[in-house]
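This report refers to the structure that appears directly beneath it.
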Amino acid sequence: MLIKIKRNANRKDVDEFIQKLGGGQAGVKIINWGDDRYLVSKKLTENSPIIEEIKDIKSKHHLSSREFKLEDTVIAIGNTRIGGSSITIIAGPCAIETELQIKSAARFVKAAGAHILRGGAFKPRTSPHSFRGLEEEGLKYLQEAGKEVGLPVVTEVMTAEDVPLVAKYADILQIGSRNMQNYMLLDACGKIRKPILLKRGLSSTVDEFLLASEYILAGGNQNVILCERGIRTFENAFRNTLDLNAVAYLKQVSHLPVIVDPSHGTGLRPLVTPLAQAAIAVGADGVIIEATATPDEALCDGAQSLDEPMLNTLITNVNRISSVVYR
Ligand code: PEP
Ligand code: MN
(Lines give C-alpha, C1' and ligand atoms only; values in the text may rest on other atoms or scores of the structure.)
(Ligands and ions follow the chains in the order given, each with its own letter.)
Protein backbone atom coordinates (compact mmCIF):
# COMPACT_ATOMS: atom_id res chain seq x y z
CA MET A 1 0.00 0.00 0.00
CA LEU A 2 0.95 3.64 -0.34
CA ILE A 3 0.68 5.90 2.67
CA LYS A 4 0.54 9.58 1.78
CA ILE A 5 2.37 11.70 4.33
CA LYS A 6 1.06 15.11 5.41
CA ARG A 7 3.08 17.85 3.73
CA ASN A 8 3.90 19.48 7.09
CA ALA A 9 5.13 16.24 8.72
CA ASN A 10 8.73 16.57 9.86
CA ARG A 11 11.48 14.16 8.88
CA LYS A 12 11.98 12.87 12.44
CA ASP A 13 8.32 11.82 12.81
CA VAL A 14 8.42 10.20 9.38
CA ASP A 15 11.61 8.25 10.26
CA GLU A 16 10.09 7.08 13.54
CA PHE A 17 6.96 5.90 11.77
CA ILE A 18 9.06 4.04 9.17
CA GLN A 19 10.81 2.19 12.02
CA LYS A 20 7.44 1.29 13.61
CA LEU A 21 6.36 -0.25 10.31
CA GLY A 22 9.51 -2.41 10.23
CA GLY A 23 11.96 -0.11 8.44
CA GLY A 24 13.92 -0.84 5.29
CA GLN A 25 14.17 -4.56 6.12
CA ALA A 26 10.38 -4.79 5.83
CA GLY A 27 10.61 -2.98 2.49
CA VAL A 28 9.25 0.30 3.86
CA LYS A 29 10.61 3.29 2.00
CA ILE A 30 9.84 6.88 1.03
CA ILE A 31 8.91 7.91 -2.49
CA ASN A 32 8.90 11.52 -3.59
CA TRP A 33 6.03 12.21 -6.00
CA GLY A 34 6.03 15.84 -7.06
CA ASP A 35 5.52 17.85 -3.87
CA ASP A 36 4.17 14.82 -2.02
CA ARG A 37 5.84 12.01 -0.12
CA TYR A 38 4.51 8.48 0.13
CA LEU A 39 5.58 5.49 2.19
CA VAL A 40 5.51 2.12 0.45
CA SER A 41 4.62 -0.56 2.95
CA LYS A 42 3.19 -4.08 2.82
CA LYS A 43 1.00 -3.40 5.85
CA LEU A 44 -0.15 -0.68 8.20
CA THR A 45 0.37 -1.95 11.75
CA GLU A 46 -0.37 1.34 13.47
CA ASN A 47 -1.85 4.72 13.02
CA SER A 48 0.03 8.01 13.01
CA PRO A 49 -0.85 11.71 12.88
CA ILE A 50 1.53 12.11 9.94
CA ILE A 51 -0.79 10.09 7.66
CA GLU A 52 -2.71 12.17 5.13
CA GLU A 53 -4.32 9.33 3.17
CA ILE A 54 -3.99 5.58 2.68
CA LYS A 55 -4.04 4.17 -0.84
CA ASP A 56 -4.59 0.44 -0.61
CA ILE A 57 -3.45 -0.33 -4.14
CA LYS A 58 -4.03 -3.94 -5.17
CA SER A 59 -1.70 -3.74 -8.16
CA LYS A 60 1.98 -4.32 -7.49
CA HIS A 61 2.57 -1.56 -10.03
CA HIS A 62 2.00 1.01 -7.34
CA LEU A 63 2.92 4.17 -9.20
CA SER A 64 2.20 3.33 -12.83
CA SER A 65 -1.30 1.97 -12.18
CA ARG A 66 -4.58 3.77 -12.69
CA GLU A 67 -5.48 2.70 -9.15
CA PHE A 68 -2.88 5.22 -8.00
CA LYS A 69 -3.60 7.87 -10.63
CA LEU A 70 -6.78 7.62 -12.65
CA GLU A 71 -6.19 10.36 -15.20
CA ASP A 72 -3.78 9.99 -18.13
CA THR A 73 -0.28 11.31 -17.60
CA VAL A 74 0.44 14.04 -20.14
CA ILE A 75 4.09 14.88 -20.71
CA ALA A 76 4.92 18.35 -22.02
CA ILE A 77 8.05 18.94 -24.09
CA GLY A 78 7.95 22.54 -25.30
CA ASN A 79 4.70 22.81 -27.26
CA THR A 80 4.50 19.05 -27.80
CA ARG A 81 2.28 16.86 -25.60
CA ILE A 82 2.59 13.11 -25.16
CA GLY A 83 -0.46 11.32 -23.75
CA GLY A 84 -4.02 12.45 -23.08
CA SER A 85 -5.85 13.32 -26.27
CA SER A 86 -2.64 13.88 -28.31
CA ILE A 87 -1.16 11.59 -30.93
CA THR A 88 2.62 12.02 -31.10
CA ILE A 89 4.72 11.02 -34.06
CA ILE A 90 8.43 10.49 -33.52
CA ALA A 91 10.61 9.83 -36.58
CA GLY A 92 14.21 9.81 -37.73
CA PRO A 93 17.06 7.47 -38.51
CA CYS A 94 17.96 4.42 -36.44
CA ALA A 95 21.52 5.74 -36.09
CA ILE A 96 23.01 9.19 -36.61
CA GLU A 97 25.61 8.50 -39.30
CA THR A 98 26.77 11.94 -40.50
CA GLU A 99 25.83 15.55 -39.85
CA LEU A 100 24.31 15.77 -43.34
CA GLN A 101 22.26 12.58 -42.89
CA ILE A 102 20.61 13.65 -39.61
CA LYS A 103 20.04 17.21 -40.77
CA SER A 104 18.39 16.16 -44.03
CA ALA A 105 16.27 13.61 -42.12
CA ALA A 106 15.27 16.34 -39.64
CA ARG A 107 14.03 18.52 -42.49
CA PHE A 108 11.80 15.90 -44.09
CA VAL A 109 10.61 14.55 -40.72
CA LYS A 110 9.48 18.06 -39.77
CA ALA A 111 7.92 18.71 -43.19
CA ALA A 112 6.01 15.42 -42.95
CA GLY A 113 4.38 16.66 -39.75
CA ALA A 114 6.20 14.61 -37.11
CA HIS A 115 6.53 16.12 -33.62
CA ILE A 116 9.83 14.71 -32.35
CA LEU A 117 13.10 13.74 -34.06
CA ARG A 118 14.82 10.45 -33.19
CA GLY A 119 18.36 9.23 -33.85
CA GLY A 120 20.77 6.91 -32.04
CA ALA A 121 24.27 8.00 -31.04
CA PHE A 122 24.98 5.08 -28.70
CA LYS A 123 23.82 1.97 -30.54
CA PRO A 124 23.41 -1.40 -28.84
CA ARG A 125 24.32 -3.82 -31.64
CA THR A 126 24.05 -7.60 -31.60
CA SER A 127 27.49 -7.81 -33.21
CA PRO A 128 30.39 -5.73 -31.88
CA HIS A 129 31.62 -5.50 -35.49
CA SER A 130 28.57 -3.45 -36.58
CA PHE A 131 28.45 0.37 -36.55
CA ARG A 132 27.98 1.36 -32.92
CA GLY A 133 27.21 5.07 -33.28
CA LEU A 134 29.01 8.42 -33.26
CA GLU A 135 28.56 8.87 -29.49
CA GLU A 136 28.96 12.50 -28.31
CA GLU A 137 29.64 13.81 -31.83
CA GLY A 138 26.31 12.25 -32.87
CA LEU A 139 24.51 13.82 -29.90
CA LYS A 140 25.76 17.24 -31.03
CA TYR A 141 24.53 16.73 -34.61
CA LEU A 142 21.17 15.51 -33.31
CA GLN A 143 20.70 18.49 -31.02
CA GLU A 144 21.65 20.92 -33.80
CA ALA A 145 19.36 19.16 -36.28
CA GLY A 146 16.44 19.38 -33.86
CA LYS A 147 17.10 23.07 -33.20
CA GLU A 148 17.38 23.87 -36.92
CA VAL A 149 13.90 22.54 -37.65
CA GLY A 150 12.32 23.25 -34.26
CA LEU A 151 11.77 19.67 -33.07
CA PRO A 152 12.61 18.12 -29.67
CA VAL A 153 14.93 15.11 -29.89
CA VAL A 154 15.04 11.62 -28.39
CA THR A 155 18.08 9.37 -28.24
CA GLU A 156 19.19 6.23 -26.41
CA VAL A 157 21.30 6.15 -23.26
CA MET A 158 23.00 2.82 -22.59
CA THR A 159 24.66 3.23 -19.20
CA ALA A 160 23.91 4.96 -15.91
CA GLU A 161 27.22 6.86 -16.24
CA ASP A 162 26.15 8.34 -19.59
CA VAL A 163 22.86 9.78 -18.29
CA PRO A 164 24.25 13.31 -17.58
CA LEU A 165 25.98 13.43 -21.00
CA VAL A 166 22.90 12.32 -22.95
CA ALA A 167 20.61 14.55 -20.85
CA LYS A 168 22.78 17.53 -21.87
CA TYR A 169 21.77 17.09 -25.53
CA ALA A 170 18.44 15.24 -25.55
CA ASP A 171 14.90 16.31 -24.66
CA ILE A 172 13.85 12.68 -24.07
CA LEU A 173 16.15 9.81 -23.07
CA GLN A 174 15.43 6.38 -24.51
CA ILE A 175 16.12 3.20 -22.57
CA GLY A 176 16.50 0.46 -25.16
CA SER A 177 14.92 -2.95 -25.15
CA ARG A 178 18.16 -4.68 -24.15
CA ASN A 179 18.46 -2.41 -21.13
CA MET A 180 14.91 -2.60 -19.79
CA GLN A 181 16.17 -4.58 -16.81
CA ASN A 182 19.38 -2.60 -16.28
CA TYR A 183 18.33 -1.50 -12.82
CA MET A 184 21.24 0.89 -12.31
CA LEU A 185 20.25 2.68 -15.52
CA LEU A 186 16.59 2.76 -14.47
CA ASP A 187 17.58 4.23 -11.09
CA ALA A 188 19.78 6.85 -12.78
CA CYS A 189 16.87 7.85 -15.04
CA GLY A 190 14.64 8.13 -11.95
CA LYS A 191 16.96 10.79 -10.56
CA ILE A 192 16.59 13.18 -13.48
CA ARG A 193 13.41 14.97 -14.55
CA LYS A 194 13.66 14.71 -18.32
CA PRO A 195 11.13 12.34 -19.94
CA ILE A 196 12.21 8.73 -20.39
CA LEU A 197 11.06 6.57 -23.30
CA LEU A 198 11.22 3.07 -21.84
CA LYS A 199 11.19 0.29 -24.42
CA ARG A 200 9.82 -3.12 -23.56
CA GLY A 201 12.44 -5.85 -23.23
CA LEU A 202 12.46 -8.19 -26.20
CA SER A 203 11.48 -11.14 -24.01
CA SER A 204 9.79 -9.29 -21.17
CA THR A 205 6.25 -9.72 -19.93
CA VAL A 206 4.02 -6.68 -19.49
CA ASP A 207 4.30 -7.22 -15.76
CA GLU A 208 8.11 -6.94 -15.91
CA PHE A 209 7.74 -3.94 -18.23
CA LEU A 210 5.55 -2.08 -15.74
CA LEU A 211 7.86 -3.01 -12.87
CA ALA A 212 10.78 -1.54 -14.82
CA SER A 213 8.78 1.71 -15.16
CA GLU A 214 8.26 1.63 -11.38
CA TYR A 215 12.02 2.00 -10.86
CA ILE A 216 12.02 5.32 -12.72
CA LEU A 217 8.81 6.54 -11.10
CA ALA A 218 10.00 5.53 -7.63
CA GLY A 219 13.01 7.79 -8.11
CA GLY A 220 10.56 10.67 -8.46
CA ASN A 221 10.67 11.05 -12.25
CA GLN A 222 7.01 11.02 -13.28
CA ASN A 223 7.75 11.50 -16.97
CA VAL A 224 7.81 7.94 -18.22
CA ILE A 225 6.61 6.94 -21.69
CA LEU A 226 6.11 3.22 -22.32
CA CYS A 227 7.13 1.88 -25.73
CA GLU A 228 5.91 -1.44 -27.16
CA ARG A 229 8.51 -2.47 -29.76
CA GLY A 230 7.68 -6.11 -30.43
CA ILE A 231 8.68 -9.28 -28.63
CA ARG A 232 10.40 -12.55 -29.49
CA THR A 233 8.00 -15.34 -30.35
CA PHE A 234 8.26 -18.62 -32.29
CA GLU A 235 7.35 -16.67 -35.43
CA ASN A 236 10.43 -15.97 -37.52
CA ALA A 237 8.89 -14.40 -40.61
CA PHE A 238 9.28 -11.03 -38.87
CA ARG A 239 12.06 -9.56 -36.77
CA ASN A 240 9.64 -9.40 -33.81
CA THR A 241 5.95 -9.81 -33.15
CA LEU A 242 4.32 -6.47 -32.35
CA ASP A 243 2.21 -7.08 -29.27
CA LEU A 244 -0.85 -4.91 -29.74
CA ASN A 245 -2.61 -6.81 -26.93
CA ALA A 246 -0.10 -5.20 -24.62
CA VAL A 247 -0.91 -1.73 -25.94
CA ALA A 248 -4.65 -2.04 -25.27
CA TYR A 249 -3.90 -3.63 -21.89
CA LEU A 250 -1.33 -1.04 -20.80
CA LYS A 251 -3.71 1.80 -21.69
CA GLN A 252 -6.31 0.22 -19.39
CA VAL A 253 -4.14 -0.53 -16.37
CA SER A 254 -1.67 2.35 -16.50
CA HIS A 255 -1.91 6.13 -16.70
CA LEU A 256 1.41 6.37 -18.56
CA PRO A 257 1.49 7.25 -22.28
CA VAL A 258 2.11 4.30 -24.62
CA ILE A 259 4.03 4.73 -27.88
CA VAL A 260 4.36 1.95 -30.46
CA ASP A 261 7.46 1.16 -32.53
CA PRO A 262 6.30 -0.72 -35.64
CA SER A 263 9.81 -0.43 -37.17
CA HIS A 264 11.46 -2.79 -34.67
CA GLY A 265 8.10 -4.48 -34.11
CA THR A 266 8.06 -5.86 -37.64
CA GLY A 267 11.56 -5.34 -39.04
CA LEU A 268 10.04 -5.02 -42.50
CA ARG A 269 9.53 -1.72 -44.37
CA PRO A 270 6.20 -2.65 -46.06
CA LEU A 271 4.65 -3.57 -42.70
CA VAL A 272 5.55 -0.40 -40.82
CA THR A 273 2.67 1.78 -42.06
CA PRO A 274 -0.12 -0.82 -41.62
CA LEU A 275 1.06 -1.60 -38.08
CA ALA A 276 1.39 2.11 -37.23
CA GLN A 277 -2.25 2.51 -38.27
CA ALA A 278 -3.25 -0.51 -36.16
CA ALA A 279 -1.37 0.89 -33.16
CA ILE A 280 -3.36 4.14 -33.23
CA ALA A 281 -6.61 2.22 -33.75
CA VAL A 282 -5.92 0.11 -30.66
CA GLY A 283 -5.32 3.16 -28.46
CA ALA A 284 -1.61 4.01 -28.63
CA ASP A 285 -0.63 7.62 -27.89
CA GLY A 286 1.73 7.73 -30.85
CA VAL A 287 4.34 5.94 -32.89
CA ILE A 288 8.12 6.00 -33.26
CA ILE A 289 9.30 5.39 -36.81
CA GLU A 290 12.72 4.80 -38.33
CA ALA A 291 13.14 7.01 -41.39
CA THR A 292 16.15 8.22 -43.36
CA ALA A 293 16.68 9.67 -46.85
CA THR A 294 18.30 6.53 -48.30
CA PRO A 295 17.26 3.51 -46.21
CA ASP A 296 18.99 0.99 -48.46
CA GLU A 297 22.34 2.59 -47.60
CA ALA A 298 21.69 2.85 -43.85
CA LEU A 299 24.36 1.49 -41.50
CA CYS A 300 21.70 0.24 -39.11
CA ASP A 301 18.17 -1.16 -39.57
CA GLY A 302 17.78 -0.11 -43.22
CA ALA A 303 15.35 -2.95 -43.95
CA GLN A 304 12.79 -1.47 -41.58
CA SER A 305 13.47 2.22 -42.31
CA LEU A 306 11.16 4.38 -44.43
CA ASP A 307 12.20 7.01 -46.94
CA GLU A 308 10.59 10.46 -47.20
CA PRO A 309 7.61 9.52 -49.42
CA MET A 310 6.82 6.49 -47.25
CA LEU A 311 6.95 8.59 -44.08
CA ASN A 312 4.60 11.12 -45.66
CA THR A 313 2.10 8.34 -46.45
CA LEU A 314 2.43 6.89 -42.93
CA ILE A 315 1.71 10.23 -41.28
CA THR A 316 -1.27 10.95 -43.57
CA ASN A 317 -2.74 7.54 -42.75
CA VAL A 318 -2.03 7.80 -39.01
CA ASN A 319 -3.77 11.20 -38.95
CA ARG A 320 -6.83 9.68 -40.65
CA ILE A 321 -7.04 6.87 -38.09
CA SER A 322 -6.50 9.38 -35.27
CA SER A 323 -9.62 11.31 -36.24
CA VAL A 324 -11.66 8.08 -36.39
CA VAL A 325 -10.70 7.35 -32.77
CA TYR A 326 -11.42 10.98 -31.76
CA ARG A 327 -7.79 11.98 -31.20
C1 PEP B 1 16.30 1.69 -31.60
O2 PEP B 1 15.34 2.39 -31.26
O3 PEP B 1 17.01 1.92 -32.59
C4 PEP B 1 16.58 0.46 -30.83
C5 PEP B 1 17.80 -0.05 -30.73
O6 PEP B 1 15.45 -0.08 -30.32
P7 PEP B 1 15.23 -1.37 -29.38
O8 PEP B 1 15.94 -1.05 -28.09
O9 PEP B 1 13.74 -1.43 -29.23
O10 PEP B 1 15.80 -2.56 -30.09
MN1 MN C 1 16.91 0.65 -34.85
**Report entry** Of all residues making up region 95-116, the number that are more than 12 Å from residue 141 (Cα to Cα) and within 16 Å of ligand 2 (Cβ to nearest atom)
**Finding:** 2
Query raised in the report: Quick one: residue 164 ticks every box in (1) under 19 Å from the mean Cα position of the chain (by Cα); (2) in a helix (DSSP H, G or I); (3) crowded, with 16+ Cβ neighbours inside 10 Å bar one, so which box is it?
Result: (3)
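Conditions (1) within 14 Å of the chain's Cα centre (by Cα); (2) not in a helix (DSSP H, G or I), marked per residue:
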| position | (1), (2) |
| --- | --- |
| 207 | no, no |
| 214 | yes, no |
| 222 | yes, yes |
| 226 | yes, yes |
| 236 | no, yes |
| 239 | no, yes |
| 250 | yes, no |
Report task. Assess whether residue 146 counts as being closer than 22 Å to residue 82 by Cα and assigned by TED's automatic domain parsing to the domain that holds residue 257. Result -> yes
Query raised in the report: In region 196-208, which residue that is surrounded by fewer than 24 Cβ atoms within 10 Å (Cβ to Cβ) and either within 16 Å of ligand 2 (Cβ to nearest atom) or not small (Gly, Ala, Ser) (or both) is nearest to residue 167 (Cα to Cα)?
Result: 201
Query raised in the report: List the pairs whose first member sits in region 251-266 and is closer than 17 Å to residue 292 by Cα and among the small types (Gly, Ala, Ser), whose second member is at pLDDT 95 or above and within 16 Å of ligand 2 (Cβ to nearest atom), and whose Cβ atoms are under 6 Å apart, counting only residues at least 6 apart or on separate chains?
Result: 263/272; 263/289; 263/290; 263/304
Query raised in the report: Do the conditions hold for residue 157, that is, is it crowded, with 23+ Cβ neighbours inside 10 Å and not aromatic (Phe, Trp, Tyr)?
Result: yes
Query raised in the report: Which members of region 267-287 meet the condition of being in contact with a Lys or Arg (Cβ under 6 Å, 6 or more places away or on another chain) and within 15 Å of ligand 1 (Cβ to nearest atom)?
Result: 267
**Report entry** Extreme residue, farthest from ligand 2 (Cβ to nearest atom), among residues of region 258-316 that are part of a loop (DSSP other than H, G, I, E, B) and of a type in the set (A, V, I, L, M)
**Finding:** 284
Requested in this report: Report yes if residue 88 is more than 15 Å from the chain's Cα centre (by Cα), farther than 18 Å from residue 297 by Cα and of a type in the set (Ser, Thr, Tyr), otherwise no.
Outcome: no
Requested in this report: Considering every residue within region 68-90, establish whether at least one is within 16 Å of ligand 2 (Cβ to nearest atom) and either at pLDDT 95 or above or outside any loop (DSSP other than H, G, I, E, B) (or both).
Outcome: yes
Requested in this report: Please specify each residue of region 91-123 satisfying the condition of being buried (at least 20 other Cβ atoms within 10 Å of the Cβ) and over 20 Å from residue 294 (Cβ atoms).
Outcome: 115, 116, 122
Query raised in the report: So which residues in region 186-205 are assigned to a loop (DSSP other than H, G, I, E, B) and either more than 22 Å from residue 80 (Cα to Cα) or touching a His at 6+ places or on another chain (Cβ under 7 Å) (or both)?
Result: 200, 201, 202, 203, 204, 205
Query raised in the report: Which is in contact (Cβ under 8 Å) with a residue 40 or more places away in the chain and basic (Lys, Arg), of 200, 132, 193?
Result: 200
Report task. Answer yes if at least one residue in region 305-320 is hydroxyl-bearing (Ser, Thr, Tyr), within 24 Å of residue 121 (Cβ to Cβ) and assigned by TED's automatic domain parsing to the domain that holds residue 96, and no otherwise. Result -> yes
Query raised in the report: Is there a residue in region 30-45 that is touching a Gly at 6+ places or on another chain (Cβ under 6 Å), buried (at least 18 other Cβ atoms within 10 Å of the Cβ) and of a type in the set (D, E, K, R)?
Result: no
Requested in this report: Could you pull out the residue among 4, 58, 20, 42 that is in contact with a strand residue (DSSP E or B) (Cβ under 9 Å, 6 or more places away or on another chain), at pLDDT below 95 and among the charged types (D, E, K, R)?
Outcome: 58
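The values are calculated or read from the model by the stated rules, or taken from the named source; none is laboratory data. Fair warning: this is a prediction, and the values are worked out from it, not measured in the lab. Because the Cβ atoms are built from the backbone with ideal geometry, glycine has one as well, and the counts that use them run over all protein chains shown.
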